[in-house]
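Report on one structure; see the data block that follows.
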Amino acid sequence: MITLLKLSEGQCGVIHALKMDPSLIQRFNAMGLRCGKKITVLRKAQFKGPFHVMIDTTELMIREHEASLIQITPTAA
Amino acid sequence: MKRIALLGMPNTGKSTLFNRLSGSSARVGNWPGITVDLHAVKTLLGGHISELVDLPGIYDLQGLSEDEKIVQGFINHNKIDLAIVVLCSSQIERQLSLMLQLKNLHIPCLLALNMSDEAKKMGITINDRILERKLKIPVVKISAKYGEGMTELLKACAQVMNQKITFPIKKIKPLNVSDQISNGKKIQALIKSTVKFPLKLNDKNTKKLDSFFLNPYWGLPIFFIIVFSIFQFIFSLGKPIQDLMTQFFNFFRIDYLEPLFVNHHSIFQSLLLDGLYLGVTTVASFVPIIILFFLIMSVVEDSGYFSRAAFLMDTLMEKIGLDGRGFVMMLMGFGCNVPALMGTKIMRTKELRLLTMFVIPFSLCSARLQVFLFIISALFSAKYGALVLYGLYLLSFLTIFISALVFKNQFKNKEPIIIELPPYRFPTLNHVIKRSVLEIKYFLTRASKFIVIGVLLVWALTHFPTDVPIASELTYSGQLGKWLSPIFQPIGINEQLVIALIFGFIAKEIVIGALAVIYGMEGTALAHHLYSNINQIQAISFMIFTLIYTPCLSTIATLKNESKSLSLVIYSVSWALLLAWVFSFIFYQTSIYFSS
């Protein structure tokens, strides 16, 4: 199991756990980030910039710090 | 009167629906339990005279973000007869949770599946009849943008409002983990039986546009070209309109107002013309720029590009505690600070927004540019003049970055920065126009009083006592200038210039006019006088101080309105004064040292 940080562009994984305060989990869930969901990294900005990810039909920009809280199991695209 | 609330996640077209239901009469109002203004309208809905309130877009009813607190406050303190929950059809799976949370509070609601056209294009089909039966509330498919499904929506509104309320409405309480899980399971079951997703989603357009706009190499250049074009469009179109208005106001004053009051006592005449009339025209001069600004910015916002700008600039902006959207507003500030401050509304994180508002006043706006151009052309050759102006622009950026860095921890953002990148969408003219109209109403109702009072105050300072020449050293402003001279002398600013700075508090454009009054000469004569009385070092020091010391009265009024925080205003003005003095001091003293 790895964090979202480890995925490179075009790779995807299944969200396994959200390592954060329960109140934050709810916020993440509401934005579509919930356990069991497949998450795809569409692009990463240069110089440790934000991630552009996709879950179902939702696309999000996530900063490195938030990405480091999301644990995933890598899967094939 | 019944109260209807529009609720939904951000980017679901909630405001578009509000505009469609509200006609043109929307206003801004206050409600118990919350401190911000919300858009609302009185309208005939479902056979009742109702008050329709547009609540901010939120992801979750329980959360701790600023917008979530607003919605919680509204729900807990105001009786809601109907909640229209708007959701984006293609994201139904994620957005249903908000609906369930509301339903659990026993608030009478109905579900509007917006952007049903977009979902259809993506190949997503929703069986609204089964969904309606399972949720036990009316479900209507609509397209707020194209006005589809509106009759059905109104019918459903009437149906819900005419129902007897069986359960008392509950207050919002935190959900525990088991509630969360059970809601999650409920949604999964609902989605399984009512929504069909295609095997592969086909939103090819957004993908294509993103690979263009977010390209690692030309994404940023494109961004700067877009921002530059917008900037040029707004301000090169707005400036001539503003100038025309100024001409008209002058003409009106000379040809109509002055003859009208010619028989009145001179001080009364001056109060009306140099005080009140100047205040009113100052307010009015912002109208064209604000309208143009929001016409264009709503297009950028509605199209979905603004979130992409946030993505592009985030790497750099994160370092100074801002985000990409703040960067765009900061750049717009170089045209005019007022609409740029109003535009920060789009940033829904309080701390980020406050910090952005804090730094925008340091942007060298076009009004300040006018002053600098006059002084530079009076005192410098073309070659050095360009260099001086360039230096002032650099200084403007520098003060922005320094202020952001210094205050980044004061406005520490506690929320996760996750920004949705919605699909690219075509904005609708209707929505764009209504947005601008609302913003201008907002500016006029909230800022005008403050600005007029400020202008009157400066008028009193420069016109009393009445038996001495206007704006002379014997007026209160002159005495203030003398009193402040120990502070201004070390930065090379003489007493007359201090009086000009007091005038500049109203608006930077006035500084040159004020100098004309103070020295009793205009145009070329004034330029010559400045040339022979002020040296270049003093002039630059004066310009540095003018750039930083305090934004105009309108900017301060807007800062107060938008932040709803007097302490932010005091903070901002004192910090600017301090910074202005320090920079002028450093410049003036080192220059004197090296030139002697």
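The values are calculated or read from the model by the stated rules, or taken from the named source; none is laboratory data. In this text, all values refer to a predicted model and were calculated from it rather than measured experimentally. Glycine also receives a Cβ, built like all others from the backbone with ideal geometry; neighbour counts cover every protein chain displayed. SASA here: full protein model, heavy atoms, side chains in, ligands and nucleic acids out. Shrake-Rupley method; radii C 1.70, N 1.55, O 1.52, S 1.80 Å.
Structure summary
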read-out	value
Gain in span if fully extended, B:Phe464 to B:Thr166, counting 0.36 nm per residue against the direct Cα distance	100.5 nm
The stretch B:61-182 - share of DSSP beta bridges that are antiparallel (%, nearest 5)	10
FRET E, pair B:Lys136, B:Leu257, Förster distance 51 Å, beta-carbon r, rounded to 0.05	0.20
Virtual spin-label span in nm between B:Phe228 and B:Leu474, 7 Å along Cα→Cβ	5.5
Inter-chain Cβ neighbour average for residues A:56-69, partner chain, 10 Å	6
Peptide B:418-426 - average C-beta neighbours from other chains (10 Å radius)	4
Cα gyration tensor shape for the stretch B:449-595, rounded if a/c is under 1.5, else prolate or oblate	oblate
Over the protein assembly as shown: Kirkwood hydrodynamic radius from C-alpha pairwise inverse distances, Å	27.5
Percent carbon-and-sulfur accessible area, chain A, ignoring ligands, DNA and RNA, probe 1.4 Å	56
In Å², nearest 10: area of A:Leu42 left accessible to a 1.4 Å probe	50
Quarter of Cα convex hull surface for chain B, i.e. mean projection, nm²	31.0
Projected label distance in nm at B:Tyr217 and B:Asn176, using a 7 Å step from Cα toward the beta-carbon	5.8
Heavy-atom accessible area per residue - the stretch B:2-196, 1.4 Å, Å²	42
Fraction of accessible area attributable to carbon and sulfur, the stretch B:363-405 (%, probe 1.4 Å)	79
Charge dipole of the protein assembly as shown about the Cα centre (unit charges at C-beta), most positive-ward option of B:Pro339, B:Ser182, B:Ser236	B:Ser182
Positive dipole terminus of the stretch B:342-411, leading residue within B:Ala378, B:Leu395, B:Val406 (C-beta point charges)	B:Val406
DSSP beta bridge pairing in the protein assembly as shown, given as percent antiparallel to the nearest 5	65
Per-residue SASA entry for B:Thr246, accessible area with 1.4 Å probe, Å² rounded to 10	70
Heavy-atom surface of the stretch B:473-558, accessible at 1.4 Å and reported per residue (Å²)	37
Percentage relative contact order, the stretch B:2-196, counting C-alpha pairs under 8 Å, at least six apart	23
Cα-based convex hull volume of the stretch B:92-230 per residue, rounded to whole Å³	190
Label-point separation, A:Cys35 to B:Asn76 (7 Å along Cα→Cβ), nm	2.9
Carbon/sulfur fraction of accessible area - the stretch B:2-196, other protein chains in place, 1.4 Å, %	55
Rounded to 5, percent antiparallel among DSSP beta bridges of chain B	40
1.4 Å probe accessible area per residue over the stretch B:334-379, in Å²	21
B versus A: buried accessible surface, summed, Å² (probe 1.4 Å, to nearest 100)	3100
Taking chain B and dividing mean pair separation by its residue count, relative contact order in percent (alpha carbons under 8 Å, at least six apart)	11
Calculated diffusion of the stretch A:2-75, Stokes-Einstein form, Kirkwood radius summed over Cα pairs, 20 °C and 1.002 mPa s, µm²/s	179
